[in-house]
Structure formats: C-alpha cells, structure tokens
Amino acid sequence: MKRTLAFGFWLLTFGFFNAQIDEKKLDDLIQNTLKTFDVPGMSVGIIKDGKMVYSKGFGVRSLKNNEKMTDQTLVGIASNSKGFTCTALAILADEGKLNFDDKVSKFIPEFQMYDAAVSQEITIKDLVTHRAGLGLGQGDLMFFPEGGTLSVNQIIHNVRYLKPEHSFRNSMDYNNIMFIVAGEIIHRISGMSWADFIEQKIMKPVGMMSSFGSYNRAKAAGITNIIDAHAPVDGKAIQVPHDWNETANAAGGIVSNIKDMSVWAEFLMNGFTTKDGKKLVSDKQIQQLWQIQQPISVALKNPYDTHFYGYGMGWFLSDVKGHFQVQHTGGLIGTVTQFTVIPDLKLGIVVLTNQQSGAAFNTITNTVKDLYFGIEDRDWLKTYGERMSNYNAEILIGKNEIFAKSQDFAKNKNLQPKPEQFLGTYTDKWFGDVEISQSGKSFRIFCKNSPRLKGELLPFSNNTFIAKWDDRSYDADAFIIFNYDENGKAQSAAIKPISDITDFSFDFEDLELRRIK
C-alpha cells in the first residue's frame with residue numbers, strides 16, 4: 001500500500017487569508033503525490049499578493065535521462081493555451097479589428113458548418129465558448145494524436161462534414177477544433193502566425209521570456225530544459241513521444257514553466273496589466289473574457305460551496321467559498337497541467353506535470369486553496385488516491401474481460417468472418433481513409449491521415465474486431481464494427497472505445513466509415 005500524508009498547515013492568528021506556507025509539509029505532499037500517482041516530475045508555483053511564495057520542481061523531467069525537474073523546466077501547458085488565444089482576440093478587438101460578435105465568415109469566407117444556417121450565424125464568440133453544437137472532442141482526430149497530415153486550412157474545410165451533436169448555442173461541449181478556427185482568424189487579421197502573435201504581442205510584453213508558442217519552436221531554439229511526456233503502460237509510467245500537432249497550437253500548443261506562468265497569473269490578476277504599467281486588454285474586453293458565456297451545472301453539494309460554474313472565453317469560471325475563481329486545465333498524452341487564479345485574494349496556483357494524472361494536480365491545487373480558505377483536515381491525497389485506485393481497478397477488470405472474450409472467440413475459426421468480407425479501404429468525409437489489411441495471419445488497421453494511429457485487429461465476434469493500437473500509451477483500444485450487406489460483405493464500419501478511460505479526443509464514435517474499395 002502506498003503511503004499517504006495527512007496534511008495540515010499552520011495559520012497566522014491575524015486571518016486565514018494571510019496564511020503562511022509550511023514549505024516542508026508542501027514539499028512532502030508533492031513528493032508523496034508523485035509516488036501515489038506515478039508521476040515522474042512536477043513543478044508547482046504559488047503567487048500571493050504579488051509575491052512568489054513558492055516555486056519548485058520535483059522529480060525528473062524525463063525518465064530517459066533522469067534530469068531534475070525545476071521551476072524553469074518547460075512543459076506543454078496544453079489547453080491552458082486557450083486563455084492566450086482569447087486574450088489575443090481581445091487585443092485585436094481593442095484595436096478595432098474585430099468584434100467578438102462578428103461572423104466567422106467575415107474573416108474566413110470559405111468557412112462552413114454542417115448546417116447552412118449555422119454557417120451564416122456563427123460568431124467568433126461561438127468559436128471560443130464551446131457552443132457551436134459540436135460534441136465533446138468532435139473532430140479532434142484531425143490533429144490528434146500527433147503526426148496527422150491535415151493542414152489548418154484542410155481542417156477548417158472539413159468542419160463542414162462534422163454533423164453537430166447538439167443544437168447551435170444550446171449546450172456547452174468542450175471542443176478544440178473551433179479554437180483552431182479562432183487561431184486562423186488571428187492569423188488572417190494580423191498577418192502573423194498564431195505563435196508569432198502570442199510570443200510578440202503577449203508573452204514578450206508580459207515578461208514571459210522563457211515561453212514559446214509551440215513545442216517545435218522551443219526545440220528549434222535549442223532548449224534542453226524541457227520535459228518528456230510519460231504515460232502509464234501496463235500499470236507503470238514510461239516515457240512516450242511528445243504529442244501535439246502544430247495545426248492545433250491555438251487550442252493547446254504553448255510550452256511554458258512555473259516562473260513564466262506565475263508572471264502570467266500576476267498579469268491577469270492585475271487587470272491584464274504588465275509590470276511596466278501597460279494595459280494590454282481593456283476592462284470592456286476583460287468583462288467578456290471573464291463573464292460566463294455558457295453555464296455548466298454544478299452539484300448542490302461540492303467541496304467549495306460553489307453556486308455558479310461555466311465557461312467564459314478561454315477560462316472556466318466559478319465561485320469558491322464566496323470568491324471568484326478563474327481556472328483551466330490542460331492535457332496531452334503524457335502531460336497535464338492546471339492553472340488557477342482567485343483575483344480578489346491575489347492568489348495564483350500553477351501545477352505542471354509530465355504525466356497524465358489529473359488527480360495529481362488536483363491534490364496540490366485543492367490543498368493550497370484549503371490553506372488560504374482556512375479549511376483543515378481534508379486529506380486530498382488520500383481522497384484522490386483511493387478514488388483513482390478503485391477506478392483503475394474497475395477499468396482494468398472491464399478491459400481484461402473484453403480481451404478474454406476476444407481470446408475465446410479467436411479459438412473458433414469457423415465463427416470468424418472471412419478476410420474477403422471486410423478487408424479494404426473505408427473513408428470518412430472529415431477524417432479520410434482507414435485501411436484494413438492482412439499481414440500474414442493477422443489483420444491490421446491504418447489511418448492514412450493519422451499515421452501513428454495503427455494497430456492489430458483482434459477478432460471479437462462475427463462482425464466486430466478490437467483495434468489494439470501499436471502505441472500502448474494511447475489507452476484507446478476500440479471496437480471496429482463492420483456492417484454487412486445481403487451477400488455478407490462489409491459496406492461500412494463504426495468505431496467506439498472499449499473503455500470509458502479513453503481520452504475524448506480519440507473521437508472514434510463520430511466517424512462514419514464507408515467502404516470505397
């Protein structure tokens with residue numbers, strides 16, 4: 001059994017909002033968090049009342065070289081990049097070059113949604129508030145996982161083939177593709193690439209001198225103090241390839257560190273004003289960015305007595321113990337991050353990791369928040385540790401049952417479909433071709449526009465196989481279900497994950513594969 005650490009802090013007698021950090025206890029908590037969730041490295045920053053009160057790295061930035069993680073180690077902040085994209089749009093709005101209520105077609109005339117009426121009405125604000133009608137992660141396979149061949153313009157073109165899951169502006173479903181479109185608007189208005197705009201118009205004035213608009217830009221600059229990604233494979237974290245396509249930078253491409261993200265937090269809490277007194281975004285635009293545009297339901301009973309919750313533009317917004325909170329998380333394969341500011345407390349908390357355990361960053365963020373709210377005796381490490389242990393055990397049982405059934409079915413050759421029934425090429429309008437082929441005695445699946453998405457097909461039933469991906473860090477094995485005609489030949493196919501643990505960006509269920517040869 002892994003050790004957990006009951007955690008408490010001493011509070012000053014003159015008020016819990018002036019709490020002091022017990023550095024040793026926080027150090028110990030972070031070390032135990034790394035062990036509990038098998039995270040190789042983590043960096044944590046806390047800014048309070050304009051001062052950096054905690055800034056450290058723990059563990060290693062890569063299991064490959066065992067170099068130490070520091071507060072200056074660069075990490076892909078993933079979807080925490082969305083706040084930068086929306087800040088860039090706000091800057092352009094202040095310059096009179098756009099309005100958040102402008103139609104997307106004003107800047108990208110060729111842009112179309114699935115429904116013609118929506119194509120005419122969709123605005124920039126709709127793009128960055130997750131209310132365009134697309135489902136959770138719908139279309140992400142056009143850039144995820146890394147290695148996809150589609151360009152930004154091709155992705156924008158293919159949006160017209162994404163059949164919405166909901167009515168336009170009727171619900172909030174987190175979606176990355178619309179942020180790619182928003183990034184292209186920044187490019188077309190400014191004439192600069194999204195990454196150039198972010199670096200020159202935001203990072204440099206704010207003072208984020210170590211950050212980059214994309215992973216590739218950091219590597220091209222010769223940066224070595226940067227993490228490798230890690231993901232659990234067979235119950236143990238291993239180093240895996242970096243994962244993010246340049247096409248999706250506006251949705252999640254930035255790499256930064258604790259030092260710079262703390263500067264970013266202070267900039268935001270100071271009314272989007274730089275250290276030298278330059279206000280980059282007007283109060284009018286800040287009100288739009290930090291105003292709930294799409295409400296999200298919240299449980300009546302919750303840890304911070306939250307009454308309202310929703311998405312603004314680039315940030316999740318809520319109240320925690322009566323205080324306004326601005327927060328976002330970010331996740332790639334092998335990396336997760338969390339960014340939190342509570343402006344009226346002048347409190348910022350940044351947690352960056354090189355493993356994909358959200359329970360790890362929640363443990364740290366919630367513990368620090370509890371300190372400043374004067375909440376004692378909540379052991380978040382124990383809570384999340386037990387929760388994740390139980391969840392992972394349930395997931396493992398479910399996956400083992402499915403693979404056991406596949407092994408049993410494979411023993412009966414007479415029940416299995418004949419190769420000529422299903423071998424061939426299938427295509428989806430927005431994703432492209434998926435090839436089903438034979439290699440010796442086994443069958444293979446290969447996605448042409450996402451070449452790293454390939455694997456072995458294991459028989460499961462008379463019309464279904466399991467796609468077991470070669471890259472085991474994906475944890476996204478999926479059923480591929482063939483639909484036969486009256487002659488027993490497959491004409492189409494559907495794909496769905498075998499497990500709930502599969503990341504929503506593996507958007508298999510929105511594919512409509514039709515056989516073309």
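Multiplying the residue separation of Ser171 and Ser439 by 0.36 nm and subtracting their alpha-carbon distance yields 92.0 nm.
Would you mind putting 180-193, 74-87 in packing order, based on average other-beta-carbon counts within 10 Å, highest first?
On the way: 180-193: 20.3, 74-87: 26.8.
Top to bottom by mean Cβ count within 10 Å: 74-87, 180-193.
From largest to smallest, the equivalent ellipsoid semi-axes obtained for the chain from the alpha-carbon gyration tensor read 39, 29, 20 Å. Label zone (Asp276, point 7 Å along Cα-to-C-beta; backbone nitrogen cut-off 17 Å) within the range 199-218: 199-210. Peptide packing: for 360-370, 449-459, the average count of neighbouring Cβ atoms within 10 Å per residue gives the ranking 360-370, 449-459, highest mean first.
Taking a 19 Å limit on the Cα-Cα distance, which of the listed pairs Lys106/Lys429; Lys82/Lys236; Lys204/Lys259; Lys405/Lys468 fall beyond it?
Values: Lys106/Lys429 25 Å; Lys82/Lys236 31 Å; Lys204/Lys259 14 Å; Lys405/Lys468 14 Å.
Beyond 19 Å between Cα atoms: Lys106/Lys429; Lys82/Lys236.
Adding -39500 (n - 2.57) for every DSSP H run of four residues or longer, then dividing by how many residues the chain holds, sets the calculated 222 nm ellipticity at -8000 deg cm²/dmol.
Work out, step by step, the length gained on full extension between Asn400 and Arg472: first 0.36 nm times the residue separation, then minus their alpha carbon distance; give nm to one decimal. It would help to have the intermediate numbers written out before the result.
Details: separation 72, 0.36 × 72 = 25.92 nm, distance 1.49 nm.
Gain on extension, Asn400 to Arg472, equals 24.4 nm.
Listed by chain and number, the lysines whose alpha-carbon sits under 19 Å from that of Lys321, ignoring those within fewer than 8 places in the same chain, are Lys48, Lys301, Lys346, Lys369. Put a dot 7 Å past the Cα of Thr149, heading toward its Cβ, do the same for Ile21, and the two dots end up 4.8 nm apart. Angle check, please: helix 23-37 long axis (alpha carbons) against the longest principal axis of the chain (alpha carbons), in degrees 0 to 90, nearest 10. Helix 23-37 sits at roughly 0 degrees to that axis. Principal-axis analysis of the Cα atoms of the chain puts helix 177-190 at an angle of about 60° to the longest axis.
Taking the centroid of alpha carbons for each part, the range 232-284 and the range 368-383 are 25 Å apart.
Between the helical axis of 380-410 and the longest alpha-carbon principal axis of the chain there is an angle of about 10 degrees. Available extension along the chain between Asn483 and Asn392 is 29.5 nm, counting 0.36 nm per residue and deducting the alpha carbon span.
The numbers here are math on the coordinates, done by the rules we state, and not lab data. The structure presented is a predicted model; accordingly, all values stated were derived computationally and were not measured. A quick note on method: Cβ atoms are made from the backbone with ideal geometry, for glycine too, and the neighbour counts reach across all protein chains shown.
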